[in-house]
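Accompanying notes for the structure given below.
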Amino acid sequence: MENEALEVIYTRRSVRSFTGEAISRESLMKILKAGMAAPSARNIQPWAFVAVTERGPLDSLCERLPYAKMLDKAGAAIIVCGLPGKDAVSVGQYKDAIGGKYWVLDCSAAAENILLACHAMGFGAVWTAAYPNEDRMAVVRDVIGVPEDVMPLAVIPIGVPRDKGKVTDKFKEANIHWDRW
Ligand SMILES: Cc1cc2nc3c(=O)[nH]c(=O)nc-3n(C[C@H](O)[C@H](O)[C@H](O)COP(=O)(O)O)c2cc1C
């Protein structure tokens with residue numbers, strides 16, 4: 001491949017099977033830095049991240065989140081949280097166009113950067129949804145202690161992949177329109 005970044009983007013896939021090995025704090029910091037490198041509307045960066053490394057909360061989340069059972073063998077998880085309050089802050093010329101409406105988009109960009117960084121570093125990861133499911137958000141709030149004004153968007157289990165898995169090419173020419181629909 002002519003470009004390493006493109007190779008990482010093209011070959012990322014959701015990984016749901018891990019060895020159980022722990023992920024070091026140093027690796028998690030690099031991954032979190034990638035999350036914070038994401039674009040955000042007006043550069044407000046309306047996000048916060050909870051890096052979960054202890055077995056206790058990982059197991060509680062595993063038990064109580066229906067679509068995150070791969071947490072049982074994850075080495076860590078990153079919970080991407082949105083800060084609608086920060087997003088709603090008025091900034092200069094944008095004063096009227098705000099109101100906390102971009103945090104989902106901004107945090108989703110951060111989540112994708114996290115998935116890509118994990119893959120680039122040889123880890124596997126998968127986006128599991130908290131938002132917009134109130135019941136799953138309530139579980140994350142309860143287990144992790146996320147305050148009411150902070151929105152848990154995604155729980156991303158991270159681990160050493162158990163197998164190589166296979167990459168499916170999702171490119172579809174039909175999805176592209178040139179110049180006009
Ligand atoms: C918003 C969103 C929510 C998702 N929620 C879950 C989930 O709760 N559990 C899960 O195992 N995968 C979840 N996924 C992963 C998707 O199933 C996966 O990205 C999709 O099947 C495409 O596969 P790929 O990531 O390997 O390309 C989610 C992905 C996104 C973007």
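The values are calculated or read from the model by the stated rules, or taken from the named source; none is laboratory data. All values reported here derive from a predicted model rather than from experimental measurement. As a convention, Cβ positions derive from the backbone with ideal geometry for all residues, glycine included, and neighbour counts pool all protein chains shown.
Take the residues of region 159-169 that are within 14 Å of the ligand (Cβ to nearest atom) and within 20 Å of the chain's Cα centre (by Cα): which is surrounded by the most Cβ atoms within 10 Å (Cβ to Cβ)?
This residue is Gly159.
Checking the conditions here, which among Arg16, Arg55, Arg64 is among the basic types (Lys, Arg) and more than 20 Å from Ala129 (Cβ to Cβ)?
Arg55
Hey, can you tell me all the residues within region 10-21 that are away from the ligand (no atom under 16 Å from the Cβ) and of a type outside the set (S, T, N, Q)?
Of everything in region 10-21, those that are away from the ligand (no atom under 16 Å from the Cβ) and of a type outside the set (S, T, N, Q) turn out to be Gly20, Glu21.
So Ser24 ticks every box in (1) within 16 Å of the ligand (Cβ to nearest atom); (2) under 15 Å from Ala77 (Cβ atoms); (3) exposed (fewer than 13 other Cβ atoms within 10 Å of the Cβ) but one. Which box is left unticked?
Result: Ser24 fails condition (1) only.
Tell me which residues, restricted to region 39-75, are part of a loop (DSSP other than H, G, I, E, B) and either β-branched (Val, Ile, Thr) or touching a strand residue (DSSP E or B) at 6+ places or on another chain (Cβ under 8 Å) (or both).
Ser40, Ile44, Pro46, Thr53, Leu65, Tyr67, Ala68, Ala74, Gly75
Do the conditions hold for Pro132, that is, is it more than 12 Å from the ligand (Cβ to nearest atom) and either among the β-branched types (Val, Ile, Thr) or outside any helix (DSSP H, G or I) (or both)?
Answer is no for this residue.
Could we say that Asp142 is surrounded by fewer than 21 Cβ atoms within 10 Å (Cβ to Cβ) and at pLDDT below 95 here?
The answer is no for Asp142.
Provide a single number: the residues in region 137-162 that are outside any strand (DSSP E or B) and within 14 Å of Trp47 (Cβ to Cβ).
The number of residues fulfilling the criteria is 3.
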